[in-house]
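Undergrad: Can you read through this structure? Questions will come right after.
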Amino acid sequence: MSGATVFIRSLKPRVLHALKIRNFCSGESAPGGGEGGGEKKGLILGAYEVDNDVVLTKSAQKYNDHLGGKLMELIKKAGRTVKRGSAKVFNNVDKDIWAVAVVGLGPEKAGYNEMEAIDEGMENVRKAAGAGTQQLRHQGVDRILVEGLGFPEQAAEGSALALWRYQENKMREHQKKTPTLELYDDQDGEGFQRGLFKAESQNLARRLSDTPANQMTPLHFAQETVNELCPCGIKVQVHDKDWIEQKKFSAFLTVARGSCEPPVVLEISYCGGPNDQKPILFCGKGITFDSGGLCLKKCKHMDVYKADMCGAAAIISAIRAASALSLPLNIEAVIPLCENMPSGMAMKCGDVVMGMNGKSIMITDTDNEGRLALADAMVYGQNMYKPRLVIDVASLTPGVRSALGSAASGVFSNSQTMWSQVRKAGVITGDRVWRLPLWKFYSKKVTRFKSHDVNNKGIGQGSSCLAAAFLNEFITCVDWIHFDITGVGFRSNHKVVPYLTKGRMTGRPTRTLIQLLYQLSCPSEGQREL
């Protein structure tokens, strides 16, 4: 690349699943199944657990009446109950439907559970819809009709997330077809479409994170960003090494110099609010492969660190959703992209570099490269845009994974108000967050050195808290939220979230970011879920 700023031409926008809203069982027969080519149709219906018995949802009861009570007879023969988050599939119950999946929604009155920090009613719907779509996919269904299950938006989320597979590198003839999704017997088509927007945004983050590092270099990531955002009217600037050097991203360039792949900085602008409205600034860790540098990671499972840009992927996906949902706010994003590799040019333990805010940084651990890249990005973004809020998202430390596993993102914030908003977003989306301390105790551990201002490792235990304390040295007087997503952003290995494919990247916490943006853009409607 040459020149200070490079604009990459968009190749082609990726489209969302086609959405068709129809209402069946309203005095008309169920949708046809075989005419015009033998298309296989599946239907997802809900059932609640009440006193160890089954109570069908309104849509399921309509369909049961349409069949003369045959569906309930089959359920009782199969065991009388349908466990929460599971599905029972019945074939040949209707000439027009290939398979009917009855999914368990748990208790009928499930709702907000303060101790679990989640809305169980919404999450039960996601799990049930996901279980149903997965079962119908295994049946070879081409078209899936999903009833609203009480929460059409969450039904769409669970269904679309459960259907996603990474197949980019399989031969076309070996790729499995993804069924289409449609809303069944529900008037809330808008909510269902919102759910599809949110799920498809998370699926975008999953695809970017799951792509091998040789196919998702910094420049490839920049191209994908342009392809996804520019058709939505979002401005994307792709800055090359000359521009980066000119702007004095010294700490970031120190990380990048170990790789032959040139570094890139993305600047993204979404203008949905008034011109005089201060923007929200996003900064995302975009290390497209992290070997650890000279502090080399273990070879076993090193391939997972192709997803060390999952923070950047989640931000790009959330901004695309903000545009699709026409959220009335302004967003700016600064995303540094590079590889962290060992070579003769790589940074060394003990090197001292200058941050953009004038603070000297000693590099004690070359595997703590993410905080170096983010430090420059946050300082540049604050100086450039004067934001009202800074949000950074990064797979930063193994410590947060040890503490929280894949149950929640670790969140640090200097604002109680902003933390309350983040927590609420996690409750609504089911993609939970947990607050960790941002105490002066940890700040001293990264700043009390005679020879330099800040250390990229610090002293003592609590690696995630030390990383947050490091980043806090590069935040001025502005509200700040730091997401450490090391535990949630990589592979879904333990099936903690049943509607996410085991062994593939999660795309988390994309939907929580979208919900947070919605809450910040529509504070008067703060009690409503997105």
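Undergrad: What order, most packed first, do the peptides 419-426, 274-281 have when packing is the mean number of other Cβ atoms within 10 Å of each residue?
TA: Top of the packing list down: 419-426, 274-281.
Undergrad: Rounded, prolate or oblate for region 211-523? Axes are the square roots of the Cα gyration tensor eigenvalues, ordered a ≥ b ≥ c, and the cut-off for rounded is a/c under 1.5.
TA: The shape class here is rounded.
Undergrad: Sticking with this one: What order, most packed first, do the peptides 101-113, 496-508 have when packing is the mean number of other Cβ atoms within 10 Å of each residue?
TA: The densest-packed peptide leads the list: 496-508, 101-113.
Undergrad: I've got another one for you. Based on other C-beta atoms within 10 Å, arrange ASP290, ASP53, ASP367 from fewest to most.
TA: ASP53, ASP367, ASP290
Undergrad: Tell me, what is the FRET efficiency for ASN383 and SER415 to the nearest 0.05, using R0 = 25 angstrom and their Cβ-Cβ distance as r?
TA: Working from the Cβ atoms, E equals 0.75.
Undergrad: Let me ask something additional. Using only the alpha carbon atoms of the chain, find the Kirkwood hydrodynamic radius as the inverse mean reciprocal pair distance, in angstroms to one decimal.
TA: 24.0 Å is the Kirkwood radius here.
Undergrad: Give, as a single signed number, the net charge of other residues whose beta carbon lies under 12 Å from the beta carbon of LEU513, with Lys and Arg counted +1 and Asp and Glu -1.
TA: +2
Undergrad: I'd like the antiparallel share, as a percent to the nearest 5, of DSSP beta bridges with both residues in the chain.
TA: Counting only bridges with both partners in the chain, antiparallel ones make up about 45 percent.
Undergrad: Let me ask you something else. List the lysines whose Cα lies under 19 Å from the Cα of LYS359, skipping any in the same chain that are fewer than 8 positions away.
TA: Correct list for LYS359: LYS247, LYS248, LYS348, LYS440, LYS444, LYS445, LYS450, LYS457.
Undergrad: Something else: Along the Cα→Cβ direction, 7 angstrom out, place labels at CYS299 and LYS444. What is the inter-label distance in nm?
TA: It is 4.4 nm.
Undergrad: Explain nothing, just the number: dipole magnitude of the chain about its Cα centre with +1 on each Lys and Arg Cβ and -1 on each Asp and Glu Cβ, in debye rounded to the nearest 20.
TA: With Lys and Arg at +1 and Asp and Glu at -1, about 1080 debye.
Undergrad: Turning to a different aspect of this structure: For the pair GLN167 and THR476, how long in nm is the line joining their label points, each one 7 Å along Cα→Cβ?
TA: Result: 5.0 nm between the two label points.
Undergrad: Please compute the contact order of the chain in relative form: average sequence separation of alpha-carbon pairs under 8 Å and at least six residues apart, divided by the residue count, as a percent.
TA: Relative CO of the chain lands at 15 percent.
Undergrad: Also: Taking R0 as 30 Å, what FRET efficiency do you get between ASP242 and CYS271 from their Cβ-Cβ distance, rounded to the nearest 0.05?
TA: Efficiency at R0 = 30 Å is approximately 0.65.
Undergrad: Let me have the 222 nm mean residue ellipticity of the chain computed from DSSP H runs of 4+ only, each contributing -39500 (n - 2.57), with the sum over all residues rounded to the nearest 500.
TA: -10500 deg cm²/dmol
Undergrad: Sort LEU327, LEU43 so the one with the fewest other Cβ atoms within 10 Å of its own Cβ comes first.
TA: LEU327, LEU43
Undergrad: Between region 162-239 and region 469-529, what's the alpha-carbon centroid distance in Å?
TA: Cα centroid of region 162-239 versus Cα centroid of region 469-529: 18 Å apart.
Read the figures in this text as sums done on the coordinates, not as results from a lab. On a predicted model such as this, the values are computed, not experimentally measured, just so you know. Every residue, glycine among them, receives a Cβ derived from its backbone with ideal geometry; neighbour counts consider all protein chains shown.
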